[in-house]
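One structure below.
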Amino acid sequence: MTDIPTPAAASARADSVHVAPAPAQRALALHRDLTRVWRNDRGLWGQITAVNHTTLGLRFMGTALVFFAIGGILSMLIRAQLATHQGAFLDTALYNQIFTMHGSIMMFLFAIPMLEGLGIWLLPKLLGTRDMAFPRLTALGYWCYLFGGLIMLTALLFGVAPHDGWFMYTPLSDATHSPGINADVWLLGVTFVEISAVAAAVEITVTILRQRAPGMKLTEMPLFAWYMLGTSAMMLVGFPPLIAGSVLLELERAFGWPFFDPTRGGDPLLWQHLFWLFGHPEVYIIFLPAAGVMSMIIPVMCRTTILGYGAIVAAILALVFLSFGLWVHHMFTVGIPHMALAFFSAASVLVAVPTAVQVFAWIGTMWKGHPQLHLPMYHICGFFLTFVMGGLTGVMLAIVPFNWQAHDTAFVTAHLHYVLIGGFVFPMMAAATYWLPLITGKARIRGVGEAAFWVILLGFHGTFFIMHLTGLMGMPRRIDVYPDNPEWVWLNLTSSIFSFVLTIGFAMFVLDLILQATLGQRTRRDPWDAPTLDWAMPVPSPSYNFASLPISRHLGQSARDAVLSLARGEGALAGAARGRRELLVTSVGVARPHHVAILPGNTALPLYLSASIGVFVLMMLAGQYRLAALALVPVGALIWVWARGMAPAGDLRAVEVAPNLNLPVHHCAQHSLARTGLAAVLVADGTLFVSLLFGVAFLSVVTPATPPPAAGADTVTSLVGLGVIGIALVLAALVGRLNTRSAAALGLGANLLALAALLWLAFSQMDDPTAHARDALRAAVAGYVGLHMLVAAAMAAFVLDQFRRGEITPQTQGALGAWQMWQHFTTAVALLAALVLIAQVGVS
Amino acid sequence: MTRPALALCALCLLAACDGPLSTLQPSGPIATEIAWLWWAMLAGAALITVFVLGLLAMGFGAPRKTQARVWTHGLGLWFSMAILGSVLGAGLWVGERILPRDDGAVTVQAHAFQWGWEFTHEDANGAAMRSTDLLHIPAGQPVDVLITSEDVIHSFWVPQLAGKMDAIPGRTNRARLKADTPGIYDGICAEFCGVGHAHMRFTVQAHADWPPDLSDEGTEQQEGAP
Ligand code: HEM
Ligand SMILES: [Cu+2]
């Protein structure tokens, strides 16, 4: 990581921010000012227009809890069905919908949104800032999550929910074997929800890198931030393969492009690779935030500091890296060459090492300190008890011969619940009991929480422990009856009975939360005596978090010492003197103050945008593809309006952040948050492109050849077309640097020319994409590049418009930088795609 | 507890693991090796669990002098690497011994469809003998099953004889089975394949002499040599 040099802040050393002591009564004035600026609008409308991270983080987590309850009810139906060997309660078609929806809800609508919500709610508080980097994006993510989730639930109510298992293997999920909209609901619904995952990943990355309190070095930030940084990096790289796979499968289902159809040159294994390229990292995406919670809470509960900070950070980085190298362990039975089996087996085993490092560091922390058995500590013990076993069965499953027996049996079901409930749900319960005072301002009611813990622990192990044996005795997963195997009955019956105990436990846990929120006594500030900034604020936390932003001297202090000083305005950027939402942006490495970002206020735009995306999704589901294309018009228009909201306006003078420290506002700064955000988006976007190229390579090299129909393209004409596109795009990338109005116009023209040439090539030279997977993938790559040209053209037009409005001046850059970045990316992927295409033609 | 009572308990436990689809009641060398691998890993895992939870329990108490490196490097890195290395080694060793190899083993075909299996073996004259949901193999010698699929992905699994192998449309996979003694073994589709998945079962009959004489069994139909 490098630091960004800035002329304006060159003198502003992290430790040079000094603020004189202030009188206590100033706190109230600051609070009034800030609340007026930062609070949500009143009433229901205020909830709709809210963009505040506290509101949205809590809403994410609350919604995820509701989905957890729904997924839990579905699991009760599964367990009721399996309690006896005749089942005879659900019919098979419905049962298939139920377990598919249980898995999909738990993974996509509970676990991921829950961790996003936790990150969104907690990170700004922990890092000493007032909100996430892109508040409107937070809201957009929430609405996409909600609408996508509702689409899937509605499908369940109408009996047309997905029914091909949560990993949707083709050809079972293709149009021939799954007619009807069930599979489309999964593909479109989950992809819709994943908008929120990518959005969250982008802003979590940016917030952690650029919004830490001045002086909070990257290498000294609270471990939870490291964990979330790892998570969001994995999300940026992990979700695109899933999105790519889902888009391709939906294209196959809707238009007959045979990416995965073996009779037309496709390959069902390509889906498995794309899915598990996402699916395995997904498990760590879920685990890392939970581990982050452990690393925060254990030291506080043990009245000490974490043991082995550096080793833990190294372990996180190793996990992020390694977890992308072992997706094949979900595919040990598909007939992989032996060398590859050995390699992926070793890699899968290796990933246990960084996990072990963390587990031992946590236990070592307990030895070092003096653990106190508060409620969060119970759940932490529940974590250890459960997760250690889940980790060990994971290692067993990584051993190929054993995997061949245990794969796709109840043993795997047991393992995955040990890891997910042990490694995620227990830490989340610890988190809930630990941070609830900051949410409600209340102390908890003794007794209920402990009882809930014991019931959950008993119910969980009662349900899942013997399920290992059930699996080893041969029971496959995803079956609804087993009339020929009476020897499994007592095992299943036991699991089913305990699963109801487990449910009662979860209900008690929720009851405890509700009791605390309603009947609890007011708690004091910082009830745990914690050293981190999340507690250096009043309880419940105010909408603006900090009346003044923490500076270096607050970082070394305990939260209790910092809290009053911050409230009195003895930090940076005190109050809201200019009547707008402001926060401090710092440099990546050592958090040197860099500029002041002005955040947007409450707005319903995110709701409108996600609703219009929702219309598109519904049109696709209904098979109205023309209307769907039409539905993209409002989407584009709203994005334009969104971008207009970022244009320089209002008071652009430098802001006094602290005495003797004036910093520019972000419109006049070089490296704004938006720029870092765009870089993160391009990482995800680039991974999407690489996923497509992976498909091209996989089908060309690994898939057993099915000869494609003779190519109809004329080599010379195609090369000329490609040449025109290449030259136009290189030109567009070059003129962007000129910073003039005519350059923007030229860029617009060049992109449009390239787009026209691409369309012409597509219609005159490209082979029918429904004939063969090779041609389908070419069309998909062309579509990807074309879409990027279209966006590049729109951005050039936007810049042109900004020139016309006089928003681009020597001081303010407007959208110029964003367009340039996008244009370079577009030109690069287009050239790369052309090279790959030519190479592919050359090889065959 | 008295000795007989103990023995009875152990017997009950073992009996509880029995069943026609149980991997813990193997009937051939391949499944047996994997079952041993499992019991060894279980023992190791149990010890590790007790060890880690013991450390956890000891953590509750007065603060102690700790050295970070002992925990993160000693236990986290070296201890776990040693364990993992030996498990991996055992896995590779077993894997090496059970892999199909070019040793002229008898070859039979399994073709999966929604929802059933069509099996083919060669009779004494080299003619293809087909059967549905019943696979004939020789006992006491290795057999390679060539696995294909008609429609969606299925998985061929005879737990008492060997691990599973997927049936994937467009590909042919090879799995090796070996039954110690003649007899009937149960098989089941292990990859979810739609509404008939739970019923996609089959039987394997291991014969003492090969090719088997099936003349008095009505289910077979003979076809010309391929
Ligand atoms: C509330 C307690 C829970 C119970 C009683 C439960 C029960 C089950 C059962 C019995 C199955 C197996 C269905 C089958 O293959 O025959 C299953 C599958 C699954 N569960 Fe859970 N579960 C619970 C919570 C969770 C949680 C918290 C998660 C994730 C965070 C989760 C994720 C999954 C997944 C991914 C599957 C696989 C679905 C598939 O095969 O497509 N479950 N669950
Ligand atoms: Cu099947």
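The values are calculated or read from the model by the stated rules, or taken from the named source; none is laboratory data. Because the structure is a prediction, the values reported are computed rather than measured. Cβ: placed from backbone, ideal geometry, glycine included. Neighbour counts: every protein chain shown. Please note that ligands, DNA and RNA were not included when accessible areas were found on the heavy atoms of the full protein model with its side chains. Shrake-Rupley method; radii C 1.70, N 1.55, O 1.52, S 1.80 Å.
Data table
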{"read-out": "Pick from the range B:145-158, criterion open to solvent by less than 10 Å² (accessible area, probe 1.4 Å) and over 17 Å from residue A:170 (Cβ atoms), ranking: farthest from ligand 1 (Cβ to nearest atom)", "value": "B:145"}
{"read-out": "Residue in the range A:137-149 that is over 30 Å from residue A:208 (Cβ atoms) and open to solvent by 10 Å² or more (accessible area, probe 1.4 Å) present", "value": "no"}
{"read-out": "Residues (under 11 Å from residue A:408 (Cβ atoms) and among the charged types (D, E, K, R)) located in the range B:141-165", "value": "B:164"}
{"read-out": "Unique residue being part of a helix (DSSP H, G or I) and more than 10 Å from chain B (Cβ to nearest Cβ) when the list is A:471, A:462", "value": "A:462"}
{"read-out": "Pairs where the first residue, in the range B:194-215, is open to solvent by 20 Å² or more (accessible area, probe 1.4 Å) and among the β-branched types (Val, Ile, Thr) and the second is assigned to a loop (DSSP other than H, G, I, E, B) and away from ligand 2 (no atom under 16 Å from the Cβ), C-beta under 9 Å, 6+ apart", "value": "B:195/A:91"}
{"read-out": "Matching residues in the range B:159-185 - criterion: being away from ligand 2 (no atom under 15 Å from the Cβ), surrounded by 17 or more Cβ atoms within 10 Å (Cβ to Cβ) and not small (Gly, Ala, Ser)", "value": "B:159, B:160, B:161, B:171, B:176, B:177, B:178, B:185"}
{"read-out": "Top-ranked residue of the range A:76-91 - restricted to ones that are modelled with pLDDT of 95 or more and within 14 Å of chain B (Cβ to nearest Cβ), ranked as nearest to ligand 1 (Cβ to nearest atom)", "value": "A:78"}
{"read-out": "Matching residues in the range A:136-165 - criterion: being assigned to a loop (DSSP other than H, G, I, E, B) and either among the hydroxyl-bearing types (Ser, Thr, Tyr) or within 16 Å of ligand 2 (Cβ to nearest atom) (or both)", "value": "A:163, A:164, A:165"}
{"read-out": "Residue in the range B:21-40 that is modelled with pLDDT of 95 or more, at the interface with chain A (Cβ under 9 Å from one of its Cβ atoms) and open to solvent by 70 Å² or more (accessible area, probe 1.4 Å) present", "value": "no"}
{"read-out": "Within the range B:76-86, considering residues that are aliphatic (A, V, I, L, M) and open to solvent by 30 Å² or more (accessible area, probe 1.4 Å), the one nearest to residue A:403 (Cα to Cα)", "value": "B:83"}
{"read-out": "Selection count, the range B:96-122, where residues are open to solvent by 80 Å² or more (accessible area, probe 1.4 Å) and within 14 Å of another protein chain (Cβ to nearest Cβ)", "value": "5"}
{"read-out": "Sole exception among (1) under 22 Å from the mean Cα position of the chain (by Cα); (2) modelled with pLDDT under 95; (3) open to solvent by 30 Å² or more (accessible area, probe 1.4 Å) for residue A:338, by number", "value": "(1)"}
{"read-out": "Filter result for residue B:163 (within 10 Å of another protein chain (Cβ to nearest Cβ) and either within 16 Å of ligand 1 (Cβ to nearest atom) or among the charged types (D, E, K, R) (or both))", "value": "no"}
{"read-out": "The range A:79-134: number of residues that are open to solvent by 10 Å² or more (accessible area, probe 1.4 Å) and on the phi > 0 side of the Ramachandran plot", "value": "2"}
{"read-out": "Neighbours by Cβ (under 9 Å, 6+ apart or cross-chain): first from the range B:147-158, closer than 16 Å to residue B:132 by Cα; second acidic (Asp, Glu) and open to solvent by 10 Å² or more (accessible area, probe 1.4 Å)", "value": "B:150/B:118; B:158/B:186"}
{"read-out": "Per-region count, the range B:46-95, residues among the charged types (D, E, K, R) and more than 7 Å from chain A (Cβ to nearest Cβ)", "value": "2"}
{"read-out": "Condition check for residue A:761: over 21 Å from residue A:690 (Cα atoms) and in contact with a Leu (Cβ under 8 Å, 6 or more places away or on another chain)", "value": "yes"}
{"read-out": "Among residues of the range A:411-431, those that are of a type in the set (A, V, I, L, M, F, W, C), open to solvent by less than 10 Å² (accessible area, probe 1.4 Å) and either within 12 Å of chain B (Cβ to nearest Cβ) or under 17 Å from residue B:159 (Cα atoms) (or both), counted", "value": "1"}
{"read-out": "Residues that are crowded, with 16+ Cβ neighbours inside 10 Å and away from ligand 1 (no atom under 16 Å from the Cβ), drawn from the range A:485-514", "value": "A:487, A:512, A:513"}
{"read-out": "Residue that is farthest from residue A:454 (Cα to Cα) [pool: residues in the range A:362-395 that are facing chain B (nearest Cβ under 7 Å), without any contact (Cβ under 8 Å) to a residue 40 or more places away in the chain and open to solvent by less than 10 Å² (accessible area, probe 1.4 Å)]", "value": "A:363"}
{"read-out": "Test: residue in the range A:38-45 that is assigned to a helix (DSSP H, G or I), in contact with a strand residue (DSSP E or B) (Cβ under 8 Å, 6 or more places away or on another chain), at pLDDT 95 or above and open to solvent by less than 30 Å² (accessible area, probe 1.4 Å)", "value": "yes"}
{"read-out": "Qualifying residue in the range A:313-324 (condition: crowded, with 24+ Cβ neighbours inside 10 Å, assigned to a helix (DSSP H, G or I) and hydroxyl-bearing (Ser, Thr, Tyr))", "value": "yes"}
{"read-out": "Residue check, residue A:63 within 16 Å of ligand 2 (Cβ to nearest atom) and not assigned by TED's automatic domain parsing to the domain that holds residue A:581", "value": "no"}
{"read-out": "Flag for residue B:155 being of a type outside the set (A, V, I, L, M) and under 18 Å from the mean Cα position of the chain (by Cα)", "value": "yes"}
{"read-out": "Residue in the range B:123-144 that is buried (at least 21 other Cβ atoms within 10 Å of the Cβ), away from ligand 2 (no atom under 15 Å from the Cβ), of a type in the set (Lys, Arg) and in contact (Cβ under 8 Å) with a residue 40 or more places away in the chain present", "value": "no"}
{"read-out": "Index of the failed condition, residue A:552 passing every other in (1) open to solvent by less than 20 Å² (accessible area, probe 1.4 Å); (2) out of contact with any strand residue (DSSP E or B) (no Cβ under 7 Å at 6 or more places or on another chain); (3) more than 22 Å from residue A:383 (Cα to Cα)", "value": "(1)"}
{"read-out": "Odd one out for residue A:133 among (1) closer than 24 Å to residue A:223 by Cα; (2) assigned to a helix (DSSP H, G or I)", "value": "(2)"}
{"read-out": "Test: residue in the range A:167-185 that is surrounded by fewer than 24 Cβ atoms within 10 Å (Cβ to Cβ), under 17 Å from the mean Cα position of the chain (by Cα) and assigned to a helix (DSSP H, G or I)", "value": "no"}
